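The values are calculated or read from the model by the stated rules, or taken from the named source; none is laboratory data. On a predicted model such as this, the values are computed, not experimentally measured, just so you know. So basically every Cβ, Gly included, is an ideal-geometry build from the backbone, and we count neighbours across all protein chains shown.
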Amino acid sequence: MYLLLAVSSQNSKISLSRKYVVFSVQSIPNEFKENYEVSTITLEYRREVGKGDKVDSLARLEPCDGSNDISTLEGLSQPQFIHLIRNQEGDEINKGRTVWRPVNHQAVQQDPISP
């Protein structure tokens, strides 16, 4: 559960959008994020939240090939998760989808400055 601390600036919608993205990605297991990275994220805003509101961030794997077991994702090219952020009353605040792609560990480990 997350507690929103402040939402009072001209950029509050941008600030909240960033928080929703962070909340959504944090709801994915770390073991999964070690091998995949977000390629696409779609967010649908349902209602506003206010300072001090508590929100829950939930995620579920979109079934692929009849399975929604995260341990069966080995080798999938673009697994997808459905995300839901809701307030303490259970009302939907934000709904989203993330599409993931395998991390290219070789590209990440190479130092572009070294000869």
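Filtering the range 60-88 to residues that are over 21 Å from Val38 (Cβ atoms), modelled with pLDDT of 60 or more and loosely packed, with under 14 Cβ neighbours inside 10 Å leaves only Gln88.
Tell me, please, whether a residue that is modelled with pLDDT under 85 and under 18 Å from the mean Cα position of the chain (by Cα) can be found in the range 89-107. No - not one qualifying residue is present in the range 89-107.
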